[in-house]
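Accompanying notes for the structure given below.
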Amino acid sequence: MTQLPNGWEMVVGLEVHTELLTKSKLFCGCENHFGNEPNSNVCPVCLGLPGSLPVLNEHAVELAMRIGMALHCTIAPSTFHRKNYFYPDQSKDYQISQYDLPINANGYLDLPDGSRVGIERAHMEEDTGKTTHVGGSGRLAGADRSLVDYNRCGVPLVEIVSAPDIRSSAQARDYAAELRGILIATGASDGRMEEGSMRIDANVSVRKAGEPFGTRCEIKNLNSLRSLQRAIDYEALRQIELLEEGGTVRQETRHWDEVMGETSTLRVKEDAEDYRYFRDPDLVDLAPSQAWQDAVRAALPAMPAERRAAVVATLTTPTSAQLDAVEVVIDLGLERFVHAVVAAGGDAALAISRVANELAANPEQATSLDVASFVTTLSMELSGALSATQAKDVLATLLANGGDPEAIAKAKGYEQMSTDSLGAIVDELIAANPDEWGRYKGGDDKLAGFFTGLVMKATKGQANGKAVVAELQQRR
Amino acid sequence: MSESSSPLRRDDVAKVARLARLTLSDAELDLFTTQLSQVLEHANDMNALDLADLEPTAHPFGLTNVFRDDVIRPSLEPESFLSQAPDAEGGRFGVPRILGEAP
Amino acid sequence: MKTAQQIATAVTTGASSATAEVQASLAAIAARNDELNVFLYVDGERATAAAAAIDERIARGETVGPLAGVPIAIKDNLCQIDVPTTCSSKMLEGWRPPYNATVIDRLVAAGAIPMGKTNLDEFAMGSSTENSAFGPTRNPLDPARVPGGSSGGSAAAVAADMTTISLGSDTGGSIRQPAALCGIVGVKPTYGLVSRYGLIAFASSLDQIGPFSKTVTDSALLLEVLAGYDPMDSTSLNEPAPSLVAHVNDGVAGKRVGLVKELYEGSDPEVLASVAKAADALREAGAEIVELSIPELSLGLSAYYLIAPAEASSNLARYDGVRFGNRVDGADVTAMMEATRTMGFGAEVKRRIMLGTYALSAGYFDAYYGQALKVRTLTINAFAKAYAQVDFLLGATTPGVAFEFGTKTKDPMAMYLNDVFTIPTNLAGDPALSVPFGTGEADLPIGVQLLGPGRSEATLLAAARVLEIADGRP
């Protein structure tokens, strides 16, 4: 984390827009699908043709409620308002959104580090079309003309606005990551920042601790969590430099350039745009019944924080490496598998480690892995019958082909030598090396390695190192 | 209440015209300023009333919770509207260069 | 002349054919359209083909529907697939919608035959059809006078016997006022009774589609076909179409009728006389007349001329030259939008967009639009109080008879005042109709207005029938 100089503190609020995973658009029956031929998923309603009217998608309301509940918001009766502005990607030249009466308000999000970020609102609105620019290297500035595709116009969005409670870029990143996990867990979104189904804008200002909030700038074009973190750090430092030189921060929208690593002015917010919000007369008020709300709440799956805590609870004193591994398990959605393994007698710490590392490459395969076989493999490793390397190899085969771990180990030649046969080989080698044995018996522990090496050679690496040492000590 | 009873100024009308994406000639600006002022004058009889206790009406018969099921319905054939677009290229609608980002 | 109901019966029984009816309609249109400018587009080929198809189905013994073979004129703010739909505006000249308004589908399903699109005040904003970008429509009863507006063309089509029925839309009186000025019946239904899907929006919370006809029964018949829940319109009442034709001859015995001062005072003497005579006729038919005053109604005009333009300013934003309609090029997209809208919209439309934009802007919202919405509630409450005492109300539709061209165009307020009796019902969302009763200056027709609580169309039509008979049209 970048430390800010001279007692400065950054104040950050995040606005996250997420597309909802409905089959059809928010106000019409056109397919909600990324990547079709341009303007092939449009109808009079989302194209804004004269005479068309919106009708609200019930499932979108349900998904919005799930998000609100997962963020501990109050679900309230709400209305839809028109946000009026002219722009070619807005097919009606107004956006149907929510204004002073949003469906979800006043929630919060707890982060893994224990901090809490307030959620002011999570409201519903429709998405715009997409413009591509011709000439001027494809960017808006310098283009000769633009082309508009309305396939995305009318796709349902939920906009989640945080309170300005965030105080570092790392915390911002954690917030975004945790929120993303929640959105995916609710089934409302697929959280794909790179595809644009989840978009983040950051509002950044700086102040000396204890002073009132400074002027903020809005940063757009943050396409990854990494960009988010870098951009916030850059912007905070930019503002601090400016203020320390005696300048003032202008309220504006800035664009993050990932390549150059800097923000630049997009638009100065001098006259706030007058959106002339008014209640949309083509829609009626939304007041989800208590019964409906209760049903949604009851069916809400466990959120990442809960799931994380449940896995951590299987460990006695988790190290930070283990907590990282738990994170991976949650991200992969494999905690149910881990719980099953632990319930069947598998060692929690080892199970989590193996799942986070060895199973991470192919999580779908992992879910079809037989729990009992996995448990057996774990105990073979713990008992020393398999070395760590051997255990991982057996696991890889199990993943790919299934089968019985003991048979697999045997087929690979990893089978544990019986204590008798191992003992016999040790006896032979002791007899063949009396001087060394004498010194070992006399207390020279180093010679354990000498004898282990010989045993390994004699058994072509099949002997288990720990077992060999046990045999030597027994004969001491 | 003074906001509503002050006469509409030419400046206000010019600002509104920009918001509404309309170009008005000087003569039109003057005419509209006069005419709109007259209509708004009439609105002052409303403003004399104390309606603080009244709720604005949404739907006259109190309809709420009107939904559609999340099912896909056929979209329009692109030809049906692209053929009538003022400027279409490669299945998209063409517009002259856009000067600013979306608000 | 046959009524629509009679045409449907005749076509169904074989006494006439859809083809013959369409031919007759086309002839009547051809006879006077150049003179009157009623139709902006006559859909002769399609209508003839539709008629032939209906005749075929009847020949095969199929049931076609309650409007089988009946020609109908359609106001040009209703979308009909592939038929030029202009809203009488240069903005949409040449545009052909890729979809049908729900009412068109219902008409066609009932066997009716759309004959073409009729003239209106541009985007339905006006009371005389003088605001059309394609010339005004002339009143068939006196071509030197206006037919009323905004649905002037549809009213004239029926008054000139081009069709027996037509569709209009009413936001502040745009069906009832032209009905009165043209001497025909016009009904504005309960808000939400008829789907608005495909009606090119003017003021969303006020607009309703409704029938014009010579006879009360024909309006009842047409309204039955149009009405009923539509899942494509969120403001549509979730109820089936009411039964209306069956109740047209129910009479008014035992009904209490409110004669509302604010709905006739200030009118021409002949209009006052008609209203008084209408009250007498209802009394003779067994109703009790109660004199009422609803002072809140006088606020209606101010509230309407804020709410309607505000909603219109937003509804008309989509006309930006990007996706459809006529475009005027510009150096950048904003310049293009401005040039397009400046060229495409007439003065009245611009005026209302400006008024509406102002009423919604930051700093003025509460004083204007916000306040108007509360006056709306006041109006609804006031009507509700009245309907607690009486079954329906009687008043004038317009303060005078059809006026001459150019007499009210200088001052917008003068034109707006034409709607003073019709606007309150739109604010309340209640139904109302105009039925011809008596004549005035130069023998021009007068219409009286019947207003009722939500969903009282059957009562209003029955009362209108009583007046129709009393006025000599059994």
Can you name the residue in region C:327-350 that is polar (S, T, N, Q) and at the interface with chain B (Cβ under 7 Å from one of its Cβ atoms) and is also surrounded by the most Cβ atoms within 10 Å (Cβ to Cβ) among such residues? C:Thr334
For helices (runs of 4 or more DSSP H) lying entirely in region C:409-474, having 3 or more residues that are over 16 Å from C:Leu181 (Cα atoms), out of contact with any His (no Cβ under 6 Å at 6 or more places or on another chain) and not aliphatic (A, V, I, L, M) picks out C:423-428, C:457-470
Across region B:64-78, the tally of residues that are at the interface with chain C (Cβ under 9 Å from one of its Cβ atoms) and surrounded by fewer than 18 Cβ atoms within 10 Å (Cβ to Cβ) stands at 2
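Residues checked against (1) under 15 Å from the mean Cα position of the chain (by Cα); (2) more than 30 Å from C:Ser205 (Cα to Cα); (3) outside the structural domain of A:Ala60 (by TED's automatic domain parsing):
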residue	(1), (2), (3)
A:Asp285	no, no, no
A:Thr314	no, yes, yes
A:Thr319	no, yes, yes
A:Ala325	yes, yes, yes
A:His339	no, yes, yes
A:Val342	no, yes, yes
A:Gly346	no, yes, yes
A:Ala349	no, yes, yes
Wholly within region A:418-476, which helices (runs of 4 or more DSSP H) include no fewer than the required count, namely at least 3 residues that are out of contact with any Ser or Thr (no Cβ under 7 Å at 6 or more places or on another chain) and among the acidic types (Asp, Glu)? A:419-432
In region C:62-70, is there at least one residue being modelled with pLDDT of 95 or more and either within 14 Å of chain B (Cβ to nearest Cβ) or touching a strand residue (DSSP E or B) at 6+ places or on another chain (Cβ under 7 Å) (or both)? yes
Only one residue in C:Ala388, C:Ala335, C:Ala339, C:Ala367 is closer than 29 Å to C:Ala414 by Cα, in a helix (DSSP H, G or I), without any contact (Cβ under 8 Å) to a residue 24 or more places away in the chain and more than 25 Å from the chain's Cα centre (by Cα). Which one? C:Ala367
Looking at region C:175-204 only, could you name the residues that are within 14 Å of chain A (Cβ to nearest Cβ), buried (at least 24 other Cβ atoms within 10 Å of the Cβ) and touching a Pro at 6+ places or on another chain (Cβ under 6 Å)? C:Tyr191, C:Ile200
Any residue at all in region A:120-130 that is more than 15 Å from A:Val16 (Cβ to Cβ) and in contact with a Phe, Trp or Tyr (Cβ under 7 Å, 6 or more places away or on another chain)? yes
Among the residues listed as C:Leu263, C:Leu297, the single one being more than 11 Å from every other protein chain (Cβ to nearest Cβ), within 21 Å of C:Thr379 (Cα to Cα), buried (at least 21 other Cβ atoms within 10 Å of the Cβ) and modelled with pLDDT of 95 or more: C:Leu263
Limited to region A:20-60, what total is found for residues that are more than 24 Å from B:Gly91 (Cα to Cα) and acidic (Asp, Glu)? 1
Quickly run through region C:320-332 and pick out the residues that are touching a residue at least 12 places away in the same chain (Cβ under 8 Å) and aliphatic (A, V, I, L, M). C:Val322, C:Val328
Note on region C:279-332: residues outside any loop (DSSP other than H, G, I, E, B), small (Gly, Ala, Ser) and under 28 Å from C:Gly126 (Cα atoms) are C:Ser298, C:Gly300, C:Ser302, C:Ala303, C:Ala308, C:Ala310, C:Ala312, C:Ser313, C:Ser314, C:Ala317
State whether one or more residues within region A:81-91 are touching a residue at least 24 places away in the same chain (Cβ under 8 Å) and over 30 Å from C:Ala362 (Cβ atoms). no
With the first residue restricted to region A:142-154 and required to be facing another protein chain (nearest Cβ under 8 Å), and the second required to be buried (at least 22 other Cβ atoms within 10 Å of the Cβ) and aromatic (Phe, Trp, Tyr), Cβ contacts under 7 Å at 6 or more apart or on different chains are A:Leu147/B:Phe93; A:Val148/B:Phe93
Please verify whether region A:3-13 includes one or more residues that are in contact (Cβ under 8 Å) with a residue 12 or more places away in the chain, surrounded by 20 or more Cβ atoms within 10 Å (Cβ to Cβ), more than 19 Å from A:Gln98 (Cα to Cα) and facing another protein chain (nearest Cβ under 7 Å). no
Report yes if some residue within region A:49-56 is touching a helix residue (DSSP H, G or I) at 6+ places or on another chain (Cβ under 6 Å), of a type outside the set (Ser, Thr, Tyr) and more than 9 Å from chain B (Cβ to nearest Cβ); otherwise report no. no
Evaluate region A:282-297: report whether one residue or more is over 30 Å from C:Ser313 (Cβ atoms) and in contact with a Leu (Cβ under 7 Å, 6 or more places away or on another chain). no
Hey, could you check region B:85-103 for residues that are at pLDDT 95 or above and at the interface with chain C (Cβ under 10 Å from one of its Cβ atoms) and say which is surrounded by the most Cβ atoms within 10 Å (Cβ to Cβ)? B:Phe93
Checking the condition facing another protein chain (nearest Cβ under 8 Å), in contact (Cβ under 8 Å) with a residue 12 or more places away in the chain and either over 25 Å from C:Ala462 (Cβ atoms) or not hydroxyl-bearing (Ser, Thr, Tyr) (or both), which residue from C:Pro424, C:Pro412 passes? C:Pro412
Enumerate the strands (runs of 3 or more DSSP E) found wholly within region A:15-112, keeping only those where 2 or more residues are surrounded by fewer than 24 Cβ atoms within 10 Å (Cβ to Cβ) and within 29 Å of the chain's Cα centre (by Cα). A:104-110
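The values are calculated or read from the model by the stated rules, or taken from the named source; none is laboratory data. For clarity, every value in this text was computed on a predicted model and none was experimentally measured. Don't worry about glycine lacking a Cβ; one is built from the backbone with ideal geometry, like all the others, and counts go over all protein chains shown.
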